[in-house]
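Visitor: Got a structure for you, written out below as structure tokens; questions coming shortly.
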Amino acid sequence: MHELLERLGRGDVRLIEMCQQANQAWREFLTELNGADTGTLSARLGFFQPTIEQIFESKTLGQTMMAWRPFAVLYDTQNGWGPNKERALQLADAFARSNCSQEARDEARSCVISYELEQSRTPSGASHRR
């Protein structure tokens, strides 16, 4: 995340193109694996990480964006998760089980917190908020 913020601050406009390219790659990845079980998704994530790192031309930025881009693809700021919520929960589990770098798995954990996906895992749908 630090590299992303630094590059944005410097006005690196290539980041927009990189994000668009990563979004397309993630859409294709998620479409290809639509209906796959969590184990299969998890296994494929590790093989997909170098693609994302290449798109962002940086191992560190690629590891960060490896986690954030797919959740951003599935989430709509106006309508929330909509029909993608189960897919997002599956993706969160798959990242946790994957052989992605520790950095990518840590970022995925941050995504779960940021997108409030933990609340969806509470028994009988109870919320953590009071």
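The values are calculated or read from the model by the stated rules, or taken from the named source; none is laboratory data. Predicted, not measured: the structure shown is a model, and the values here were computed from it. Methodologically, a virtual Cβ is constructed for each residue, glycine included, from the backbone with ideal geometry; neighbour enumeration extends over all protein chains shown.
Visitor: If you go through region 16-24 one residue at a time, do you hit one that is closer than 20 Å to Leu117 by Cβ, modelled with pLDDT of 95 or more and surrounded by fewer than 16 Cβ atoms within 10 Å (Cβ to Cβ)?
Guide: The answer is yes; a qualifying residue exists.
Visitor: I need the full set of residues from region 41-91 which are basic (Lys, Arg) and touching a residue at least 24 places away in the same chain (Cβ under 8 Å), in order please.
Guide: Applying the first criterion (basic (Lys, Arg)) to region 41-91 yields 44, 59, 69, 85, 87.
Residues satisfying the conditions are Arg69, Lys85, Arg87.
Visitor: Sticking with this one: Any idea which of Gln63, Gln49, Gln21, Gln78 is over 12 Å from the mean Cα position of the chain (by Cα) and either small (Gly, Ala, Ser) or assigned to a helix (DSSP H, G or I) (or both)? Explain how you work it out, then say what you get.
Guide: Working: Gln63 fails: over 12 Å from the mean Cα position of the chain (by Cα); Gln49 fails: over 12 Å from the mean Cα position of the chain (by Cα); Gln78 fails: either small (Gly, Ala, Ser) or assigned to a helix (DSSP H, G or I) (or both).
Every option except Gln21 fails the conditions.
Visitor: Further, regarding this structure: Of all residues in region 25-47, count the ones that are of a type in the set (Phe, Trp, Tyr) and under 25 Å from Glu116 (Cβ atoms). Full working, then the answer.
Guide: Step one: filter region 25-47 for residues of a type in the set (Phe, Trp, Tyr), giving 26, 29, 47.
Add one more test, that the residue is under 25 Å from Glu116 (Cβ atoms), and what stays is 26, 29.
Of the residues in region 25-47, 2 are of a type in the set (Phe, Trp, Tyr) and under 25 Å from Glu116 (Cβ atoms).
Visitor: Yes or no: region 104-111 includes at least one residue that is among the polar types (S, T, N, Q), under 28 Å from Glu3 (Cβ atoms), exposed (fewer than 13 other Cβ atoms within 10 Å of the Cβ) and modelled with pLDDT of 95 or more.
Guide: So in region 104-111, the residues among the polar types (S, T, N, Q) come out as 110.
With the extra rule that they be under 28 Å from Glu3 (Cβ atoms), the set shrinks to 110.
Those still in the list that are exposed (fewer than 13 other Cβ atoms within 10 Å of the Cβ) too: none.
No, region 104-111 contains no residue that is among the polar types (S, T, N, Q), under 28 Å from Glu3 (Cβ atoms), exposed (fewer than 13 other Cβ atoms within 10 Å of the Cβ) and modelled with pLDDT of 95 or more.
Visitor: Something else now. Please verify whether region 28-36 includes one or more residues that are surrounded by fewer than 14 Cβ atoms within 10 Å (Cβ to Cβ), of a type in the set (Val, Ile, Thr) and outside any helix (DSSP H, G or I).
Guide: Within region 28-36, the subset surrounded by fewer than 14 Cβ atoms within 10 Å (Cβ to Cβ) is 28, 31-32, 34-35.
Then drop every residue that is not of a type in the set (Val, Ile, Thr), which leaves 31.
Okay, now just the ones that are also outside any helix (DSSP H, G or I), so none.
Within region 28-36, none of the residues are surrounded by fewer than 14 Cβ atoms within 10 Å (Cβ to Cβ), of a type in the set (Val, Ile, Thr) and outside any helix (DSSP H, G or I).
Visitor: Quick one: Glu3 ticks every box in (1) among the acidic types (Asp, Glu); (2) surrounded by 12 or more Cβ atoms within 10 Å (Cβ to Cβ); (3) not in a helix (DSSP H, G or I) bar one, so which box is it?
Guide: Single failed check for Glu3: (3).
Visitor: Six or more apart or on different chains, Cβ under 6 Å: which pairs go from a residue in region 12-24 that's closer than 18 Å to Met66 by Cβ to one that's modelled with pLDDT of 95 or more and not in a helix (DSSP H, G or I)? Could you list them?
Guide: Met18/Phe56
Visitor: Within 14 Å of the chain's Cα centre (by Cα) and either surrounded by fewer than 17 Cβ atoms within 10 Å (Cβ to Cβ) or outside any helix (DSSP H, G or I) (or both): does that describe Cys100? Walk me through it before giving the result.
Guide: Working: within 14 Å of the chain's Cα centre (by Cα): yes; either surrounded by fewer than 17 Cβ atoms within 10 Å (Cβ to Cβ) or outside any helix (DSSP H, G or I) (or both): yes.
When the stated conditions are applied, Cys100 passes them.
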